[in-house]
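The values are calculated or read from the model by the stated rules, or taken from the named source; none is laboratory data. Just so you know, these numbers come straight off a predicted model, no measurement behind them. Glycine gets a Cβ as well: all are built from the backbone with ideal geometry, and neighbour counts include every protein chain shown. What goes into the accessible areas is simple: the full protein's heavy atoms, side chains included, and nothing from ligands, DNA or RNA. Shrake-Rupley method; radii C 1.70, N 1.55, O 1.52, S 1.80 Å.
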4 protein chains.
Amino acid sequence: MADKTGRGAGTRRTHKTRVGILGASGYMGGEALRTVLEHPDLELAWATSRQPRPAHHCHPDLVGMGIELIHPDDADPCDAVLIALPTLAAASQTARLLDSGSLVVDLGAAFRLEDRSTWERVYAASHPCWERVGEAVYGIAELHESAIRKARLVANPGCFSSAAILALAPLLREGWIDPERIVVVGLSGTAGAGADLDRAMHHPEIGDNLVPYNAVDHRHSYEIEQELSKLAKREVRVHFTPIYVPIVRGILDSCHGFALRDIERPQLLELYRDFYAASPFVILCEDPPEPDVSWQTRPYPWVSAVAGTNRCLIGLDVDPERGRIAVFSALDSLGKGGARAGVENLNLMLGLERSAGLLGLGLHP
Amino acid sequence: MADKTGRGAGTRRTHKTRVGILGASGYMGGEALRTVLEHPDLELAWATSRQPRPAHHCHPDLVGMGIELIHPDDADPCDAVLIALPTLAAASQTARLLDSGSLVVDLGAAFRLEDRSTWERVYAASHPCWERVGEAVYGIAELHESAIRKARLVANPGCFSSAAILALAPLLREGWIDPERIVVVGLSGTAGAGADLDRAMHHPEIGDNLVPYNAVDHRHSYEIEQELSKLAKREVRVHFTPIYVPIVRGILDSCHGFALRDIERPQLLELYRDFYAASPFVILCEDPPEPDVSWQTRPYPWVSAVAGTNRCLIGLDVDPERGRIAVFSALDSLGKGGARAGVENLNLMLGLERSAGLLGLGLHP
Amino acid sequence: MADKTGRGAGTRRTHKTRVGILGASGYMGGEALRTVLEHPDLELAWATSRQPRPAHHCHPDLVGMGIELIHPDDADPCDAVLIALPTLAAASQTARLLDSGSLVVDLGAAFRLEDRSTWERVYAASHPCWERVGEAVYGIAELHESAIRKARLVANPGCFSSAAILALAPLLREGWIDPERIVVVGLSGTAGAGADLDRAMHHPEIGDNLVPYNAVDHRHSYEIEQELSKLAKREVRVHFTPIYVPIVRGILDSCHGFALRDIERPQLLELYRDFYAASPFVILCEDPPEPDVSWQTRPYPWVSAVAGTNRCLIGLDVDPERGRIAVFSALDSLGKGGARAGVENLNLMLGLERSAGLLGLGLHP
Amino acid sequence: MADKTGRGAGTRRTHKTRVGILGASGYMGGEALRTVLEHPDLELAWATSRQPRPAHHCHPDLVGMGIELIHPDDADPCDAVLIALPTLAAASQTARLLDSGSLVVDLGAAFRLEDRSTWERVYAASHPCWERVGEAVYGIAELHESAIRKARLVANPGCFSSAAILALAPLLREGWIDPERIVVVGLSGTAGAGADLDRAMHHPEIGDNLVPYNAVDHRHSYEIEQELSKLAKREVRVHFTPIYVPIVRGILDSCHGFALRDIERPQLLELYRDFYAASPFVILCEDPPEPDVSWQTRPYPWVSAVAGTNRCLIGLDVDPERGRIAVFSALDSLGKGGARAGVENLNLMLGLERSAGLLGLGLHP
């Protein structure tokens, strides 16, 4: 069983791949940092911050590790780079890194959308290097594994997007729900808001509170629609609303579709079981997280169980009477919805075992 | 301004109305208890528990008040009774109380549904006194004020139902959204789960977690559909999913409807402003809860601000591009979604000022 | 019983006292605001902010109340002023207000210490109007009621100080514990840190965390020592450490003293019962907050039960074997540890009933 | 740097040690389970529960791992056993296991105390196999490494005890503080209360609350006094009070001692640096966890950073004026304060590298 934990997994090689992290002072960069540090086949080349300092000044869990964040100007070329910078800064760094021969995984939004006018409207800026967008592969291994293996630039998905796309992909490929009336309510822990101070994230404000924001036309809507439309082979409309809740880590997307045919829960489970049979990281919740829990919570995922992991838990339900399908997907916005998925993509780009360094278990409680 | 707080409100009368509370050891009964204690025109006749004990053994905030919970058998007749018992127990007490001349507000589900077969299927029991259901008025003062004034039995709505009905009533009366494809995701604090111990409410399990339950065909769906269908003058389908979140008090219903015509946010605000012009308790959030909050949270309600109050805050948004209307409503499941709304109904039944004893402000933070 | 809630309490007078609030945009000023609004005998003259705006922009619970924060320059003279400004600003406003004939309650630290050199060292500034400090009475009604009744300037205590002084006063008056080795660990909700954004109060940082700060030589130590030394009639040393915990409202001081004589819990309870017999706001927890709670929590206060109230709950225990007395005191840093205690002091200064407008109950859960 | 993460650490051996876990349905047993699963040199022989079921029914993070909890009667002999049973059940299993040739680490309290009458009074029972207590070594590797290496039975310390002993050991060995007046206030997340439902752990009760319990004469006091007395070479009195706080994982012990000589912070830091120079798991916090944090939090540990790890973070401060030394220690009650420390002890008993499988990093945020 111990193999399942991934220790000893991956092909032990004499030369480890040297990986740099651009922008390691924030939460996403910090997760990239600890994922690389715990990876059997990767070696940290450097991690940067515009304010060089010991890493544990930003990430207290790294106290005693002796890691220093260096200035980006002092970063030498390396095999691969994980970028955790603001969108425009990331976009302007990428061309240089690709040209220097590095593989690049952008953990931000610079290369996620395929339509320029949409990108420039949504991100309210002109794209600094649109000519390279064509090289980017959208980084969901469950959908684009072979393309990611060949890619030199991967656009890592947004956290809500990863959860929603994984939750809805099977239904849209099969055409079982109305593609124009899909409602997704995404609940996010506050880590998803990042390290910058914000009134809505001040503990006295959100500690006992629930904070909807960008309730319509959220930026992630466009990546979700782009990816699901490809699967549906027609235009998909996603009606997405995010709400911050007072937990630190984790996202729970609750996705609601109107069935175009009669479906029972067993067929639905079978569809998802087959669709994700090959994925080490998407796990279907078919029975209770805990037998003592009142039966109602039976088939639903436990978001606390995915914190710090690269796993996505999916749960399913159907209301045959009203013709609705409900899909829940839970992941960590910094894990399978962020930096760890970025390392999963990097594993593929490097020809490593896809799950190398990513099979760590979550905690409970 | 001080009048707004309700001090000195209500007609000071020499004889206060004597109110009894059946089932005062749980959270709903406890809220009924403190609401009656703080009411200028009501006097606590008695509060019961099958295990008689000082009230503060169940409700620590009442320490020092010297209130004793008595056995139901020791409860003498009084002017009005608030019932906070399990559904069947409540149903079987009600006839006796009505016949003894008491006004009755049932804070539970015994009298909420008008269709017997639906009630008996949904509550998986045969109704102990269906013959009295006809006397019950569904207790949302914003919709049924005149009927409540005449009623001797009021069925207080469920917490999610109050929030959803208040959020959607104007849209359905106007016929602005598709009545068959309304999605409501209700987020509930753990107080809504009641005082009985439950694995899903054990702090180590839910403290960092989000717990969907009864994700389809929830009991409250039927009251919401019943009330909204009357307003829409046609059958309404509500696709409702509740999720427990780790806050203690408060509910946030996020309601999503597909627009049947072009609507801009200003028209929507005007509709709601007019619809609730006469209600002292439904407040429209038209501008920011806090100017420093990133603009996105602009028009949305703050659930922490309604804890312990009889207020419902409503916020609105529109996605003209995708044709979706989003309505958020926040209330306290024990306040405007429970015992305080029950006292609002009782005020009307007694010919008191509707807001008597109910204008207390919430807290922030 | 209903009288206990304070409705109808206080002498109804044709002319209400006009009260102004200097600095109403923060949490303390906001609590002062809602306490004045809910007070039967006080009328809000004005509430100020350097950035005039609707009050609900700072305090979402006040949405719909139509209250505007005005610029301090536009504030006209009134009967009494509650000051919730930074220490130095408060100090420099006070003389002017006193000379204009207003009664003043400073909710901050400007007038708490009687020794100038101590004050100037502790607050690292020279005091702008030390000549008026002699007029100030330290505002703990349980200890200084008659002086407060005569005062025109009251220095409201710090939140940790109120809790520690109320917890330890009886023991030090009696000389039952070693006055030089008193350890107080104060746990504070994040509201105590105020509305200014701070890394340590960013939800992702403190949501799952415990944050000690100023672990030695905290400013509040000096007020606690000053007040307890008077009671002990000798110098008292308080070894105080505060820790922020992820709740929003409330403080729990855990106070530990070494017994100078043999003491059993019953004597201790009797001492506190007598000492606080006359106080409407200090309540002794002699039995369980909740019978189902495992016996260990028996005599201890429930901090969640004091949020939004002017109450202080005290619990006691003794370790006869090791000769330690443990006293727990719970209050709301904005309530009995802040603005509500400020209004309690103002009631006394105005000759009103001490408890007028302050008998509101807390909530549970 | 990657070595530091322990990947590839430990002596890779053809035959892994087969480890059984007695009582794997609770939180402590669950942590033992995931620690063994992630250990490079250990193999899970079996994990038991009186109610055999899939492990993820108790531990949702293990969904998809295909691990079954078996009935204890079906457990065959193996190399080593981690016991996570109630105290008396553990005591009665141990003799049999030792006689069958297994190494045993008891994660409970059965073998922690060396004095029989104390144990039987504190645990209110007669000890089922006192004759074997002499074989047990108290499992703090920082103090008893060589004895643990030779032991066949290790008594794993209590969570509060580990934190307090590690925090105070250097001071007591040096005799720098008064050994009879040490005050320890231990703050515990709710995971420390275990998986059994309890009113005080019901989210609505503790979600916004702080719950002191066993405020005097707590069982852990005796282990702390036993171990510190050995170091001090005289009797030590520890005045310990635990308080539950609404976080899930982690313990913060705040320890207060009265200095017997003048001490400055630098000397104190040097003492602790030297004392723990050899320990891979005790880390001294000498500078800020986060530069933006207001300076006050400077030298203190971040409990959220140790969740799921085998680390103990220690912070120090001194009040020279009042002669107090404050020591803070943070660890995870299931990690360095529980099952992971148990595996650290097992590593030593097995002649493995002490840190094998235990160098996983924590998370932030």
- request: Just give me the residues in region B:34-87 being under 27 Å from C:Ser304 (Cβ atoms), acidic (Asp, Glu) and surrounded by fewer than 21 Cβ atoms within 10 Å (Cβ to Cβ), in sequence order.
  value: B:Glu68
statement: Going through region A:312-353 in order, the residues found to be assigned to a loop (DSSP other than H, G, I, E, B) and under 8 Å from the mean Cα position of the chain (by Cα) are A:Asp332, A:Ser333, A:Leu334, A:Gly335, A:Lys336, A:Gly337, A:Gly338
- request: Only residues that are under 15 Å from C:Gly192 (Cα atoms) and basic (Lys, Arg): list them for region C:313-348, please.
  value: C:Lys336, C:Arg340
query: Failed condition for B:Gly308, given (1) open to solvent by 30 Å² or more (accessible area, probe 1.4 Å); (2) modelled with pLDDT of 95 or more; (3) closer than 27 Å to C:Gly308 by Cβ, with all others met?
result: (1)
message: Quick check on region D:101-114. Is at least one of its residues closer than 25 Å to D:Ile21 by Cβ and of a type in the set (S, T, N, Q)?
response: yes
Members of region C:317-365 that are of a type in the set (Asp, Glu) and under 30 Å from D:Glu180 (Cβ atoms): C:Asp317, C:Asp319, C:Glu321
- line: Conditions (1) in contact with a helix residue (DSSP H, G or I) (Cβ under 8 Å, 6 or more places away or on another chain); (2) modelled with pLDDT of 95 or more; (3) of a type in the set (Lys, Arg) -> D:Arg199 fails only (2)
- prompt: Among the residues of region A:254-275, which ones are more than 14 Å from chain B (Cβ to nearest Cβ) and within 22 Å of B:Gly257 (Cα to Cα)?
  reply: A:Arg261
statement: Checking D:Glu135, D:Glu120 in turn, the sole residue that is out of contact with any Ser or Thr (no Cβ under 8 Å at 6 or more places or on another chain), open to solvent by 10 Å² or more (accessible area, probe 1.4 Å) and modelled with pLDDT of 95 or more turns out to be D:Glu135
message: Could you list, ordered by first residue, the pairs with Cβ atoms under 7 Å in which the first is in region B:165-177 and among the charged types (D, E, K, R) and the second is open to solvent by 10 Å² or more (accessible area, probe 1.4 Å), at least 6 apart or interchain?
response: B:Arg173/B:Leu231; B:Glu174/B:Leu271
- line: The condition from (1) surrounded by 23 or more Cβ atoms within 10 Å (Cβ to Cβ); (2) more than 7 Å from chain D (Cβ to nearest Cβ); (3) within 24 Å of C:Tyr27 (Cα to Cα) that C:Ala167 misses is numbered (3)
message: Scan region B:84-96 and tell me whether some residue there is basic (Lys, Arg) and part of a loop (DSSP other than H, G, I, E, B).
response: no
field: Residue check for D:Pro299: at pLDDT 95 or above and buried (at least 19 other Cβ atoms within 10 Å of the Cβ)
entry: no
field: Residue under evaluation C:Asp106, criteria (1) of a type outside the set (A, V, I, L, M, F, W, C); (2) touching a residue at least 12 places away in the same chain (Cβ under 8 Å); (3) open to solvent by 40 Å² or more (accessible area, probe 1.4 Å), criterion not met
entry: (3)
- prompt: Given the conditions (1) touching a Leu at 6+ places or on another chain (Cβ under 6 Å); (2) within 14 Å of chain D (Cβ to nearest Cβ); (3) farther than 22 Å from A:Leu348 by Cα, and given that A:Ala47 satisfies all but one, which numbered condition is not satisfied?
  reply: (3)
- prompt: Looking at region B:223-250, which of the residues that are under 26 Å from B:Asp332 (Cβ atoms) and in contact with a Leu (Cβ under 6 Å, 6 or more places away or on another chain) is surrounded by the fewest Cβ atoms within 10 Å (Cβ to Cβ)?
  reply: B:Leu231
query: Does region B:179-190 contain any residue that is on the phi > 0 side of the Ramachandran plot, in contact (Cβ under 8 Å) with a residue 40 or more places away in the chain and more than 8 Å from chain A (Cβ to nearest Cβ)?
result: no
message: Give me the residue from region C:324-360 that is open to solvent by 20 Å² or more (accessible area, probe 1.4 Å) and closer than 22 Å to C:Tyr272 by Cα and, out of that set, modelled with the highest pLDDT.
response: C:Arg354
task: Name the one entry in D:Gly20, D:Gly29, D:Gly101 that is at pLDDT 95 or above, closer than 30 Å to D:Ala125 by Cα and assigned to a helix (DSSP H, G or I).
output: D:Gly29
message: Quick check on my filter: what residues within region C:134-187 are under 18 Å from the mean Cα position of the chain (by Cα) and of a type in the set (Ser, Thr, Tyr)?
response: C:Tyr138, C:Ser161, C:Ser162
message: Checking C:Arg199 against (1) within 14 Å of another protein chain (Cβ to nearest Cβ); (2) in contact (Cβ under 8 Å) with a residue 12 or more places away in the chain; (3) of a type outside the set (Ser, Thr, Tyr): exactly one of these is not met. Which one?
response: (2)
